[in-house]
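So the structure is just underneath, and the comments pick up after that.
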Amino acid sequence: RLPLWRGSADLTLLSLQLGACEEPEALFAEARRLTVPGGLVHAIDVHPFVYHAAGMEPLREGPGRAPAMARPRLIADYLDGAAEAGLSL
């Protein structure tokens with residue numbers, strides 16, 4: 001939970017946070033709490049399957065690197081998490 005007031009942002013940006021987050025549903029819920037009704041939440045991330053499709057491995061834990069995902073997720077998992085938080089596309 002961020003130390004900011006409810007509805008303190010017109011726009012909340014989640015940049016490269018979903019893949020490193022243990023509970024993306026909680027991240028979406030916090031974004032909704034911070035964003036004014038009618039405001040926007042933008043989530044920008046690179047799904048690990050993109051690395052796999054390109055024949056690359058995502059960066060793993062270490063200095064300057066994001067933590068590895070707790071478990072692989074489907075894009076539907078993120079969409080469901082956003083919907084549970086009351087966000088819509």
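Numbers below:
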| quantity | calculated |
| --- | --- |
| Trypsin sites (Lys or Arg not before Pro) restricted to DSSP loop in segment 1-47 with at most 15 other C-beta within 10 Å | ARG1, ARG6 |
| Cα→Cβ-extended label distance, 7 Å offset, between SER15 and ILE75, nm | 2.3 |
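None of the figures in this text is laboratory data; all of them are computed from the coordinates on show. Small disclaimer: the values here were computed from a predicted structure and weren't measured. Cβ sites come from the backbone with ideal geometry, for glycine too, and all protein chains shown count toward neighbours.
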